[in-house]
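The values are calculated or read from the model by the stated rules, or taken from the named source; none is laboratory data. None of these values were measured; they are calculated from a predicted model. Heads up, the Cβs are rebuilt from the backbone with ideal geometry, glycines too, and the neighbour counts pull from every protein chain shown. Only protein heavy atoms, including side chains, enter the accessible area calculation; ligands, DNA and RNA are left aside. Shrake-Rupley method; radii C 1.70, N 1.55, O 1.52, S 1.80 Å.
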Amino acid sequence: MGLMIDAAVIGCGRMGAFTSDAVRRFAPPCWLPLAHAEAIRNHPALRLAALADTQADALERAAAHYGVAHTYLDPRRMIDDVRPSLAGIATRTIGRADILAHAVAAGTRALHVEKPLCNSMRELGALEALFAPEDVFITYGTIRRLLAPYRAAIEAVQSGRWGDLLEVQVNLGRGALYWTHPHSVDLLLYAAGGRAVESVSARLSGVEHGSHALEVESDPVVESASVWFTGGVEGRITRSPGSDLVLSCTGGQIAVEADGRTVTSYAPEGDDPYSVRRTLGSALTPDAPGGTLAPVSQLVACLQGDAAALTANAALKQDILLGQRILFAMVQSHAQAGRAVVPSEVDPGWSVLARSGTRFA
Ligand SMILES: NC(=O)c1ccc[n+]([C@@H]2O[C@H](COP(=O)([O-])OP(=O)(O)OC[C@H]3O[C@@H](n4cnc5c(N)ncnc54)[C@H](O)[C@@H]3O)[C@@H](O)[C@H]2O)c1
């Protein structure tokens, strides 16, 4: 066996350590293992060396479950003592950007980071600089793009068999900007396949301001949003239920339904102009790692110098940063009565705390 890579998890709640029962029961198998600690335990090159959580009960529970001896109530101390090569960050958003900066400064090169990325444009600016070096590898909690059904759908679109991509629609129900829609925005960027974002427009509700006009205290609901890409491709976030990604092309539609339970095509066949729905069977037998093991595997491959992983991660880092900027662009568009906002022109003063009740996203 080769040398084991030391890994650690910061934040030992649901995403960090204990996948919810509902996900275990109902999510398609490609979503598992979902908790960061579980994914790390499932990777043959990784050793789960330490855990950190500011809450002693969460920390003890995770330490007992995973049999980890090194536990820390202070994530910074853990990073300084253990110096993990790879870390999962599954805290709530507030303070996440600072933990990331501390980890990278201490020499941690590979980080799997929960969504959303940060709370302010100021933090985003710092993260853009932090992510810039080629030997800093970042993956993100918006994992659908790495799961087999989504990859199969995008490959189907890119095959050209259904014509040119026109529209991408993400239906994750009537969800909140920070809690739900980092996933939607990431799917739009993934489906757009490197096309540049021209503008973003959005209508929100439940926008509660904090101490100044550019500070949003709440986690607003996205009533509708459009992201326009070069080449006339439109990405849309709807309120429709279903957990679906619908890729509309000039000659038919490809859809990933129910978070990956099925992948279908809907297109005319032969002389009949009416569309027929078919299951794309090959998409349903995943041959790639599932859940959070997918991004963690990419990080390990990057640490091992794998050329394909390095290329993929360089592009992914750009999408993670752009995705977060698009969330701020949506807030700005709403504040300007739905005006189209160019991502590079988002006001650097925006912040979103994303509070729902007593909790933060
Ligand atoms: N990728 C997904 O599909 C998905 C799903 C659910 C939640 N999330 C995101 O994951 C994050 C965590 O969500 P969750 O449901 O696991 O929350 P949670 O409340 O269950 O767990 C968070 C844990 O982090 C700990 N923590 C908070 N601040 C900390 C700090 N500074 N240092 C160390 N530990 C700290 C808390 O004590 C808690 O144990 C959220 O930002 C959420 O938006 C992602």
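Points to keep in mind about this one:
- Some residue of the stretch 92-102 being open to solvent by 50 Å² or more (accessible area, probe 1.4 Å) and under 19 Å from residue 35 (Cα atoms): yes
- Checking each residue in the stretch 234-260 for being at positive phi and of a type outside the set (D, E, K, R) picks out 242, 243, 252, 258, 260.
- Identity of the residue in the stretch 158-172, in a strand (DSSP E or B) and aliphatic (A, V, I, L, M), that ends up surrounded by the most Cβ atoms within 10 Å (Cβ to Cβ): 170
- Within the stretch 227-245, residues that are open to solvent by 40 Å² or more (accessible area, probe 1.4 Å) reach no partner that is of a type in the set (Lys, Arg) and assigned to a strand (DSSP E or B) with beta carbons closer than 7 Å at six or more positions or on different chains.
- Taking (1) in contact with an Asp or Glu (Cβ under 9 Å, 6 or more places away or on another chain); (2) closer than 24 Å to residue 304 by Cα; (3) buried (at least 20 other Cβ atoms within 10 Å of the Cβ) in turn, residue 83 satisfies each apart from (3).
- Which listed residue, of 293, 310, is more than 20 Å from residue 127 (Cβ to Cβ) and either open to solvent by 10 Å² or more (accessible area, probe 1.4 Å) or among the basic types (Lys, Arg) (or both): 293
- For the stretch 173-185, the count of residues that are open to solvent by 10 Å² or more (accessible area, probe 1.4 Å), more than 23 Å from residue 146 (Cβ to Cβ) and either touching a residue at least 12 places away in the same chain (Cβ under 8 Å) or more than 18 Å from the chain's Cα centre (by Cα) (or both) is nonzero.
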